[in-house]
Amino acid sequence: MELHIHLIGGKGLTDQLYQQLHEAIEHGHLAVGTQLPPTRLLAEQLQVSRKTVAEAYARLGADGLLSAVVGRGTFVCAHPQSRERELQPVTLAAADTLERWYRRAPLLGRSALQAPSRYDFVGGLSAKAQFPFDQWRACLHYALRRSQHHSERQVPAQGLGELRAAIAQHVAFARGVQCSAADVLVCNGAQQALDLIARVLIEPGTCVAMEDPGYPPARHLFQALGARVQSVAVDAEGLCVEQIAEGTRLIYATPSHQFPLGMPMSQTRRHALLARAAELGALVIEDDYDCEFRYQGPDSDALQRLDRHGLVAYVGTFSKTLLPELRLGYAVLPPAVLRAACVAKHLSDWHSPSLTQWALARFIDEGHLSRHIRRCHALYTARRERLLARLEGDLAPWLRAVPASAGLHLSALAAPGVDIELLVRLARQVEVGLYSLAPFFVETPVRPGLLMGFGAIERLDIDPALDRVRDALHSLS
């Protein structure tokens, strides 16, 4: 390493070097465990005698700040008491705005401070062990080769053309979405897609309608941008369209697998939603977050396929089908919104990582994505069937599954008298992670129940876990 040392004049060099190193350690610029350069090398860099450096090191060692390890080198071993910065705090003019951001704590999933349980029914996670890491590694090598001959300036904010074409072909086949590569915007996950769409449509006071219960990060996002969010109830057919208020500019919905309850939106309700959006001139965000995994009934195409007026923005993600760590999602946008969203994307982060885009395009083109989905479909089907069998069997006196035909989770509503919050606490005591539906409700009365993800729990772990849940329910009874 090269230290930032500046020695002045030709006298007192040892004292100068000692003082500057002492201050660097004291202020944390040289962390504990940092290896300092050998005395000969540092002397050459500073153009001083080796004796000068050795004496400075020796004095720091005597102070307990450095330690010499024979055969390895000299290391920072401790910090003296840091000086307290003499600050005179001034209240920021934006303090109220910052306070509003502090209050937007994430409500979805496990607490960052909460360790995962041995048996975990967390929603939104897939079977990471099934991911084809070897094929992905080969695609990354291909991406590195491509990047050698590709200028970063040639990557558009909208995304690499090769990846957009691969996505368009995939969603047309898997979800019936009508689009071409020109309609696709590549994003850093579905959350950025939501952010970009909302950013170009929402102004302070804009009315946004969304499902209640619904997806908390979307609600927080809309509110953070200044929107007035209207909570619209859902029933067995999905979003209650007749409740959408006049003046609504944006509608957020999960028609294929309502989040979190799970039921699909009926065809009648879908047509009603599109008709209402046309009356209002409102854009509908269709969040199709995990519907590539379907298990029963006829395949239901995306809402976007029914759109005849360019009012549906279709949002998808690879976090559920592949890996959350990829942080890649996409939006299929109508022309009126696409251009503005691309400008917002450019201002936000220029473009999504090009190496990952090259790799994913290759991964899709070589058929790895389709094979992975087919392989995981069989896995998730077995897990879902086992979970349903228990919910319809010995757990039926306490829990009732909400009908759902797709996705990576089921919701189970509680029978009257079952204390779900207490059940969640009791289950955690026996190493079972359960998750209440309550945090997803805002204005609609809470329907007590559980969101039960089966993407990340092994098939053979489901019965032992639910045996413990059953025992906890017996104790509650």
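Considering Gly407, Gly367, Gly433, which residue is in contact (Cβ under 8 Å) with a residue 60 or more places away in the chain and at positive phi?
Gly407
Whether any residue in segment 293-304 is modelled with pLDDT of 95 or more, surrounded by fewer than 21 Cβ atoms within 10 Å (Cβ to Cβ) and part of a helix (DSSP H, G or I) is what I want to check.
There is no residue in segment 293-304 that is modelled with pLDDT of 95 or more, surrounded by fewer than 21 Cβ atoms within 10 Å (Cβ to Cβ) and part of a helix (DSSP H, G or I).
Output the residues belonging to segment 425-440 that are in contact with a strand residue (DSSP E or B) (Cβ under 7 Å, 6 or more places away or on another chain) and either surrounded by fewer than 21 Cβ atoms within 10 Å (Cβ to Cβ) or not assigned by TED's automatic domain parsing to the domain that holds Ser411 (or both).
Residues satisfying the conditions are Glu431, Ser436.
So Leu30 passes all but one of these: (1) in a helix (DSSP H, G or I); (2) closer than 15 Å to Ile5 by Cα; (3) out of contact with any Ser or Thr (no Cβ under 9 Å at 6 or more places or on another chain). Which condition number does it fail?
All conditions pass for Leu30, except number (1).
Can you find even one residue in segment 357-380 that is in the same structural domain as Val171 (by TED's automatic domain parsing), among the basic types (Lys, Arg) and farther than 30 Å from Glu458 by Cα?
Checked segment 357-380: no residue is in the same structural domain as Val171 (by TED's automatic domain parsing), among the basic types (Lys, Arg) and farther than 30 Å from Glu458 by Cα.
Restricting to segment 48-57, name every residue that is over 50 Å from the mean Cα position of the chain (by Cα) and either at pLDDT below 90 or not in a loop (DSSP other than H, G, I, E, B) (or both).
Across segment 48-57, the qualifying residues are Arg50, Lys51, Thr52, Ala54, Glu55.
Would you say Ala401 is without any contact (Cβ under 8 Å) to a residue 40 or more places away in the chain, surrounded by 16 or more Cβ atoms within 10 Å (Cβ to Cβ) and either out of contact with any strand residue (DSSP E or B) (no Cβ under 7 Å at 6 or more places or on another chain) or on the phi < 0 side of the Ramachandran plot (or both)?
Yes.
Hey, among the residues in segment 147-163 that are under 14 Å from Thr356 (Cβ atoms) and at pLDDT 90 or above, which one's farthest from the chain's Cα centre (by Cα)?
Ranking the candidates gives Glu162 first.
For residues that are among the hydrophobic types (A, V, I, L, M, F, W, C) and assigned to a helix (DSSP H, G or I), scanning just segment 262-288, find the one that is farthest from Ala233 (Cα to Cα).
Among residues in segment 262-288 that are among the hydrophobic types (A, V, I, L, M, F, W, C) and assigned to a helix (DSSP H, G or I), the one farthest from Ala233 (Cα to Cα) is Ala278.
Tally the residues that are within 25 Å of Pro416 (Cβ to Cβ) and buried (at least 18 other Cβ atoms within 10 Å of the Cβ), restricting the search to segment 454-467.
Counting residues in segment 454-467 that are within 25 Å of Pro416 (Cβ to Cβ) and buried (at least 18 other Cβ atoms within 10 Å of the Cβ) gives 2.
Is it the case, given these coordinates, that Arg305 is in contact (Cβ under 8 Å) with a residue 12 or more places away in the chain and out of contact with any Leu (no Cβ under 6 Å at 6 or more places or on another chain)?
Considered against the rule, which asks whether it is in contact (Cβ under 8 Å) with a residue 12 or more places away in the chain and out of contact with any Leu (no Cβ under 6 Å at 6 or more places or on another chain), Arg305 comes out as yes.
Please indicate, with yes or no, whether at least one residue in segment 5-20 is in a helix (DSSP H, G or I), without any contact (Cβ under 8 Å) to a residue 24 or more places away in the chain and closer than 25 Å to Gly71 by Cα.
no
Just one of the numbered conditions (1) surrounded by 20 or more Cβ atoms within 10 Å (Cβ to Cβ); (2) not in a loop (DSSP other than H, G, I, E, B) is not true of Ser352; which one?
It is condition (2) that Ser352 fails.
Which of the helices (runs of 4 or more DSSP H) found entirely inside segment 160-242 contain at least 3 residues meeting this: charged (D, E, K, R)?
161-175
Surrounded by fewer than 20 Cβ atoms within 10 Å (Cβ to Cβ), in contact (Cβ under 8 Å) with a residue 24 or more places away in the chain and either in a helix (DSSP H, G or I) or not hydrophobic (A, V, I, L, M, F, W, C) (or both): does that describe Gly316?
no
The values are calculated or read from the model by the stated rules, or taken from the named source; none is laboratory data. From a predicted model like this one, the values you see are computed outputs, not experimental measurements. All Cβ positions, even for glycine, are placed from backbone atoms using ideal geometry, and neighbour counts span all protein chains on display.
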